[in-house]
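Contents: one structure, followed by commentary.
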Amino acid sequence: MMFARGLPRDARPEPGSLPWKYGGDDPDALSGARARVDQILALLAAQLRSQQKSGSRFLLGEQLSALDLY
């Protein structure tokens with residue numbers, strides 16, 4: 001995650017900040033978070049490919065949904 005790379009080695013994320021909330025000072029937590037992001041993006045890509053093969057232009061179903069906008 002980019003926020004952790006910008007911190008000096010001896011710096012600790014401020015409690016309540018996004019890096020602190022998600023373990024930004026723990027290399028193992030960052031590694032796990034990166035792996036999870038990769039999993040989620042792979043699932044979304046597979047869903048889009050499946051929908052395209054069936055002729056749909058949308059993430060789910062045959063009409064525009066909030067998922068398509070985000």
* **Solvent-accessible surface (1.4 angstrom probe) belonging to ARG49, in square angstrom, nearest 10** => 130
* Which value in nm describes the separation of the simple spin-label points at ASP38 and TYR70, placed 7 Å from the Cα toward the beta carbon? -> 2.4
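The values are calculated or read from the model by the stated rules, or taken from the named source; none is laboratory data. Model, not experiment: these values are computed from the prediction. All Cβ positions, glycine included, derive from the backbone under ideal geometry; neighbour counts span all protein chains shown. Ligands, DNA and RNA are stripped out before the accessible areas are found, and what is left, the full protein with its side chains, is counted by its heavy atoms. Shrake-Rupley method; radii C 1.70, N 1.55, O 1.52, S 1.80 Å.
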